[in-house]
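Enquirer: Sharing a structure, written as structure tokens. Questions coming.
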Amino acid sequence: MKSPLNLIISREYLQRVRRKSFIITTLLVPILMIGLMVAPALVAMLSTPEAKTIAVIDDTGAIFNRLNDSNEITFESYTQPLDSARANADVEAILAIGKNAVDQPNQSITMYYRGAPTLSTDEYVQQQLKDAIEALRLESYNITNLRQILDEINVDLSYPTVRIDKEEDTGTSSMLSYFISLIMDLMLYTFILIYGQMVMSSIIEEKNNRVLEIVVSSVNPSTLMMGKVLGIGLVAITQILIWGVLISACTMWVVPLVGTSLSSGAGVGVEANAELLAAVSQLSDLGYVASLMSCMLLYFVGGYLFYSAIYAAIGSAVDNIQDASQLSTIPTLPVIIALVASMSVMQNPGSSLAFWLSMIPFTSPMTMMSRIAFDVPIWEIIVSLVILYASFVGMIWLSAKIYRVGIFMYGKKPSFVEIIRWAKYK
């Protein structure tokens, strides 16, 4: 015969994983994430900008001949005055270049459009003007082949980075580490808030339906709260594990194909290959991916348990979502602070700020996820997890004392003083 705790965990878990919404979101979210990453490239490939002809009135007599057409933009010399061009409805865009454009380009160049200009058109015209004016300024120095000399001096630097603190030299990418830290941080932030508030909503719903009054007649209130917390937590863990399997499969099959393509230089500049190959090398390391997923799971479980205990206490103390929303600011604020601080932590994961935020249980889940991709010393991870899980034990004990009183209170929103008084009851 199952214990009351196991029955509650089983009910909370099965009730949610059997829902169509859970199945659909679990399968669709990874697909949507991949789609969001691929969509910009597909849009760029499939979109065909409208061709545009720009009438150029060049008072310098030297810039127009240096403007190069593109597949979408054509420059045409216009010899009529500016007023005539503005009055001509067939002229869709006018580039007016004053006599002092080489010396004072910002004061001597104006662009006129019929309708709103596009960003790509503006950027292309600006780049063409910049190149033309720079070339004319270089020629004014009367140094033979000065442009060629400058082009030969210019260096596009992109070098590989290699980890030498492991058994084998492995490629590493700071850009990928930053990106992974950001994604994992946002995921953890979202999961903790969504599933923590799910615990709170579940308690409020059952409290309003008077179900709790019946349940607590045969089950200890603390056991009931723990069952809800663990049951809903298992739902989140199930979702994370499924996504982990999908991500690992993608890493195992897709990333090596990308690496082969990059190694051959197909469609990628040489200067970009080093960083991309380093990123592919990291993602191809299943041990690295597994360690990231393991740490994320450990910190999610610890962070969820810690915060869900607080949300459970809040849910037991109020009768409706409106009152709960006000009190839920208490646990939400440190999570937001941790997320904002993580932006700074990712820039300097070894700083004192990053270390201490990784130890404080209110901020450690998000902060440590911001650092984990940059390889944090294992002892810091262990100490951080010990503090987090020990804090959960203390928080669940405190919340259980509030919960056992709060679930029987109806019709009045308690003050903070009353909630503290409940926690002091023996």
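Enquirer: Spot the failing condition for Phe75; the list is (1) surrounded by 10 or more Cβ atoms within 10 Å (Cβ to Cβ); (2) assigned to a helix (DSSP H, G or I), and only one is missed.
Expert: Failing condition for Phe75: (2).
Enquirer: So for the range 387-401 (the condition being in the same structural domain as Asp323 (by TED's automatic domain parsing), buried (at least 18 other Cβ atoms within 10 Å of the Cβ), among the polar types (S, T, N, Q) and under 24 Å from the mean Cα position of the chain (by Cα)), does at least one residue qualify?
Expert: Scanning the range 387-401 turns up no residue that is in the same structural domain as Asp323 (by TED's automatic domain parsing), buried (at least 18 other Cβ atoms within 10 Å of the Cβ), among the polar types (S, T, N, Q) and under 24 Å from the mean Cα position of the chain (by Cα).
Enquirer: Of all residues in the range 116-130, how many are farther than 15 Å from Asp58 by Cβ and either part of a helix (DSSP H, G or I) or over 44 Å from the mean Cα position of the chain (by Cα) (or both)?
Expert: Within the range 116-130, residues that are farther than 15 Å from Asp58 by Cβ and either part of a helix (DSSP H, G or I) or over 44 Å from the mean Cα position of the chain (by Cα) (or both) number 9.
Enquirer: Right, next: Can you find even one residue in the range 137-155 that is within 18 Å of Ala62 (Cβ to Cβ), surrounded by fewer than 14 Cβ atoms within 10 Å (Cβ to Cβ), under 32 Å from the mean Cα position of the chain (by Cα) and in the same structural domain as Ala85 (by TED's automatic domain parsing)?
Expert: No, the conditions are met nowhere in the range 137-155.
Enquirer: Okay, next question. I'd like the full set of residues that are in contact (Cβ under 8 Å) with a residue 40 or more places away in the chain, part of a helix (DSSP H, G or I) and of a type in the set (Phe, Trp, Tyr), limited to the range 353-400.
Expert: Once the filter is applied, which keeps residues that are in contact (Cβ under 8 Å) with a residue 40 or more places away in the chain, part of a helix (DSSP H, G or I) and of a type in the set (Phe, Trp, Tyr), the range 353-400 yields Tyr389, Phe392.
Enquirer: From Ala338, Ala373, grab the single residue that is more than 20 Å from Met200 (Cα to Cα), modelled with pLDDT of 85 or more and not acidic (Asp, Glu).
Expert: Sole residue among the options that is more than 20 Å from Met200 (Cα to Cα), modelled with pLDDT of 85 or more and not acidic (Asp, Glu): Ala338.
Enquirer: On to the next question. Which numbered condition in (1) closer than 21 Å to Ile73 by Cβ; (2) part of a helix (DSSP H, G or I) is the only one that Ile149 fails?
Expert: In the conditions (1) closer than 21 Å to Ile73 by Cβ; (2) part of a helix (DSSP H, G or I), Ile149 misses (1) alone.
Enquirer: Taking into account only those residues within the range 78-109 that are in a loop (DSSP other than H, G, I, E, B) and among the charged types (D, E, K, R), which is farthest from Glu134 (Cα to Cα)?
Expert: That would be Asp90.
Enquirer: A follow-up question, please. Pairs only if they're at least six apart or on different chains, beta carbon under 6 angstrom, first in the range 410-426 and within 15 Å of Ile330 (Cβ to Cβ) and surrounded by 10 or more Cβ atoms within 10 Å (Cβ to Cβ), second at pLDDT 70 or above and of a type in the set (Asp, Glu); list them, first residue then second.
Expert: Correct list of pairs: Lys413/Asp323.
Enquirer: Please work out if Leu327 is modelled with pLDDT of 75 or more and not basic (Lys, Arg).
Expert: When the stated conditions are applied, Leu327 passes them.
The values are calculated or read from the model by the stated rules, or taken from the named source; none is laboratory data. All values derive from a computational prediction rather than experimental measurement. Cβ: placed from backbone, ideal geometry, glycine included. Neighbour counts: every protein chain shown.
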